[in-house]
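Let me begin by presenting the structure, written as structure tokens, before commenting on it.
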Amino acid sequence: MRSDSSVWWIAVDDPIEVLAILFAEEGSRDYFGEAVSQAVHMLQTASHARKAGASPELIAAALLHDIGHFLGPVSGDDLMNGTDNQHSEVGAAWLAAWFPAAVTEPVRLHVAAKRYLCAVEPTYLTELSTASLYTLTVQGGPMRPHEVAAWTAHPFARDALALRRWDEAAKDPAKRTEPFDTYRPLLASLIRPQ
């Protein structure tokens, strides 16, 4: 469990500023055995989405897909020690205060998309990093047939699959990454009025 139960972000009115702070502070930490930081990983994922011509909502989802690692009571370190931190659910629920379902649902489904791909594309397992293979076991392993059928019916399943593929490709320490500020206008255009 996290030792710091601080919820400083509740006092910040601007969700984009909250995200910028999370990227700069929490995001600067190691990404659980990968060769990049958590923020660099998320920025690379968004970069892949932009290059693929994804919608603004899906680019935002790619950028924010792992934000739940920074917010929940169970840390990413706990995940790497065998306790599922449910970061996709935590992140999607938190983002839902400001963003539409086209952003939050791919975030919510990106872990399930990994489980799905491992069930239906056996070669996908060979594309996973060592850390991602480990977290797959903590997160439930490849989907079972009844889970696959139910998951494919979700209206955001296709977007989540695209996000998942960009996610796995976004761990390159040599890749130049645009800063978080690059995405401020895009995020601002998607925030729902309160």
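Can you confirm whether ALA160 is in contact with a Lys or Arg (Cβ under 9 Å, 6 or more places away or on another chain) and in a helix (DSSP H, G or I)?
yes
Report, by residue number, each residue of region 163-189 that is among the hydroxyl-bearing types (Ser, Thr, Tyr) and in a helix (DSSP H, G or I).
THR182, TYR183, SER189 - these are the residues of region 163-189 that are among the hydroxyl-bearing types (Ser, Thr, Tyr) and in a helix (DSSP H, G or I).
Filtering region 130-147 down to residues that are surrounded by 17 or more Cβ atoms within 10 Å (Cβ to Cβ) and not in a loop (DSSP other than H, G, I, E, B), which residue is modelled with the highest pLDDT?
Looking at the filtered set, the residue picked out is LEU136.
The values are calculated or read from the model by the stated rules, or taken from the named source; none is laboratory data. On a predicted model such as this, the values are computed, not experimentally measured, just so you know. Note that we place each Cβ from the backbone using ideal geometry, even for glycine, and neighbour counts take in every protein chain shown.
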